[in-house]
Amino acid sequence: MSISDKLAYSLGRKDQVPNKLLAQEITIAADADRLNELIKFIEGKPHRRLQMDAILTVAYVGDLLPKMLIPHVDFLIGRLRDPIDRVAWGSMIALSHVSPLVADQMYENLPAILDSMDMGSIVGRDHGYQVLVNLYVVNRYSSDMLFILLEQIRKAPSNQLGQYTERLMKVIKPEDKLELITALEERRLDLTNEYHLKRLTKNLKKLY
C-alpha cells in the first residue's frame, strides 16, 4: 500500500485519525524513507485534500518525533506561501515542533515566517508565534526576538493576547519583564472585553 493510500481522504474519511495513525507508524519505526515518500508526494501537488492530509501528517510526525523533520525544514519554509491555506499553516505547525532543534535555520528564515504570520490564518499565526518564543530562549537571539515578540503582543487581537502573553511569561527572562509589562499596560487601554481585561490584569499581577 502506498503512503498516499493511508491518508484520510484516500480512505473516505473527513477526520484526522488516519493521518495521526500514519504519523505514529512513521515515528515508531523512525522510518525516514516513508517520511521522504510523504514529502515527495506533497511536492507532486496531488489533489488538494490529499496535500492537506499529507502536510498535517508531517506536522503530527513533528509533534511525536521532531528530529525527523530536520532534513525537511527548507521544504516546510517553502510551503509557508502555499496557495492552499491548510498546507501553509500545516507547514507552520510542523516548524513550531522542529524549531527548537534548528534555531539558526529558523532565525535565518524569520522574514518568511513573519510574512506568513501576517498574511496567514489564525492557526498559522499562533504556531508562528511559538516559533518566535522558541527562538527567544536561545540566548544569542533573545534580544532580537524580544523586540519581535513584543510587537506581536502589541498588535495581537484581544482574544489572542492572553495566550500570547502566557506563552512568553513561561520563558521570560527577569531582565526583560519590565518591557513586557510596559507592552501589556499599553494594551490595557484598548481592551473592552471584561474577560480579556481580567486575564490581562491577572498576568500583570504575576509579572509585577
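Please treat every number below as a calculation from the coordinates, not as lab data. Since we're looking at a predicted model, the values are computed, not measured. All Cβ positions, glycine included, derive from the backbone under ideal geometry; neighbour counts span all protein chains shown.
The distance between label points at residue 63 and residue 108 comes to 2.9 nm (points 7 Å beyond Cα on the Cα→Cβ vector). Cross-link pairs exceeding 22 Å in C-alpha to C-alpha distance, out of 177/206; 173/198; 67/173; 67/155; 177/205; 67/177, comprise 173/198; 67/173; 67/155; 67/177. Basic side chains Lys and Arg get +1 at the Cβ, acidic Asp and Glu get -1 at the Cβ, and with that the dipole of segment 70-192 about its Cα centre reaches some 280 debye.
Based on DSSP H segments of at least four residues, each scored -39500 (n - 2.57), the chain has a per-residue ellipticity at 222 nm of -21500 deg cm²/dmol. Can you list which of the trypsin sites (Lys or Arg not before Pro) found in segment 1-101 are DSSP loop residues with at most 13 other C-beta atoms within 10 Å? Those satisfying the criteria are 13, 14.
Which of the aspartates and glutamates could be linked to residue 40 by a straight reach, that is with a Cα gap under 17 Å, when you skip same-chain ones fewer than 8 residues away? The qualifying aspartates and glutamates are 5, 31, 53, 74, 82.
Each Lys or Arg adds one and each Asp or Glu subtracts one; over the other residues with Cβ under 12 Å from the Cβ of residue 205, this totals +4.
Label-to-label distance for residue 179 and residue 36 is 4.3 nm, based on points extended 7 Å past Cα in the beta-carbon direction.
Toward the positive end of the charge dipole of the chain, with +1 on the Cβ of Lys and Arg and -1 on the Cβ of Asp and Glu, the farthest Cα among 160, 101, 56 is that of 160. Cross-link partners for residue 14 among the lysines, with Cα-Cα distance under 16 Å and sequence neighbours closer than 8 places in the same chain left out: 6. Treating each Cα of the chain as an identical point scatterer and ignoring solvent, apply the Debye formula and state log10 I(q)/I(0) at q = 0.10, 0.12 Å⁻¹. Taking Cα atoms of the chain as identical point scatterers yields -0.48, -0.66.
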